[in-house]
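Nothing in this text is a laboratory measurement; each read-out follows from the coordinates by a stated rule. Note that the structure is a prediction, hence the values are computed from the model and not measured. All Cβ positions, even for glycine, are placed from backbone atoms using ideal geometry, and neighbour counts span all protein chains on display.
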Amino acid sequence: MAALFISDLHIDASRPAIIDQFLEFLASEAKDADALYILGDLFETWIGDDAADAAQAAAIAGLRSLASHGVPCFVMHGNRDFLLAAQFCGMSGARLLPDPLIVTLYGEPVLVMHGDALCSDDRAYQRLRATVREPDWQRQFLALSIASRRALAGAARVGSQAHTAAVEYAITDVKRQQCRHGSAARRNRHAIARPHPSPRHPRPAGRRPPLHAHRARRLVRPG
Ligand SMILES: [Mn+2]
């Protein structure tokens, strides 16, 4: 028995193989888990709980089936699916987690987070992150038609790719200092379970993790 962590599946209708793999995982390995933690970006885009497409609905049905099987499912917002909300929870049976959060697993405190908040040198991204998490901004966005929201999300995606291509990797990476502060603030006692250091920008293979914590253990999913 184990608690399973996954993240950044970026489920999208254009990549059916990922949906199949996810459904297969939910119906097999995940069924024996003590809990399933999805640490952000389950979906490539999420423009509101009222606008799930067929691919997203299939993933939600899979989650619901796992949750009804008795496996607690937890979902954290990512930088792409930050609009997941109560209706999604109702449909999937999953519970939303705040980011960051310390959970106690098998007697050990574990810090879980999506990781994009640590890209603190990428000021443009952090400004955008703060804006789109404001309740007023979200209310206004969700009041638009699904077609308008889809169009805006598409434009934002293109803008994000252009931004990532234009700024240096070092800027968009997780800030070393942030990792230190994060662990120091919690007296370096906590393991850090994160999908990978910068979910928006996978770290090149073999690069050394930036965490210099004495008693923290950092779990990094290969980019
Ligand atoms: Mn992400």
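Are there any chymotrypsin sites (Phe, Trp or Tyr not before Pro) in region 93-159 that are in a DSSP loop and have at most 16 other Cβ atoms within 10 Å? List them by number. Spell out each step's value before the answer.
Values: sites: 106, 125, 137, 141; in loops: 106.
Of the chymotrypsin sites (Phe, Trp or Tyr not before Pro), the ones in loops of region 93-159 whose Cβ has at most 16 other Cβ atoms within 10 Å are 106.
Under 5 Å between amide hydrogens, which residues at least 5 positions from residue 105 or on another chain qualify, with H placed 1.01 Å from N in the peptide plane?
Amide H to amide H, under 5 Å and 5 or more residues apart or across chains, residue 105 pairs with 110.
Can you work out ³J(HN,Hα) from phi for every residue in region 32-46, in order, using Karplus 6.51 cos²θ - 1.76 cosθ + 1.60 and θ = phi - 60°, giving whole Hz and x for Gly and Pro?
Taking θ as phi minus 60°, the curve returns 9, 7, 6, 6, 10, 10, 10, 8, x, 6, 4, 10, 5, 9, 8 Hz for region 32-46.
Note down the relative contact order for region 1-43 as a percent, whole number, built from C-alpha pairs under 8 angstrom at least six residues apart. Could you put the intermediate results ahead of the total?
Numbers: 50 pairs, mean separation 29.5, N = 43.
Once divided by the residue count of region 1-43, the mean separation gives 69 percent.
Skipping prolines and chain starts, which residues have an amide H placed within reach, meaning under 5 Å, of the one on residue 96, given they are 5 or more residues away or on another chain?
Those lying under 5 Å, H to H, from residue 96 are 75.
So for region 1-146, taking the charge dipole from beta-carbon charges (+1 Lys/Arg, -1 Asp/Glu), which of 42, 88, 7 sits furthest toward the positive end?
Among 42, 88, 7, the one farthest towards the positive end of the dipole of region 1-146 is 88.
Rank the residues 92, 145 as a footprinting-exposure proxy: fewest other Cβ atoms within 10 Å of their Cβ go first.
Ascending number of Cβ neighbours within 10 Å: 145, 92.
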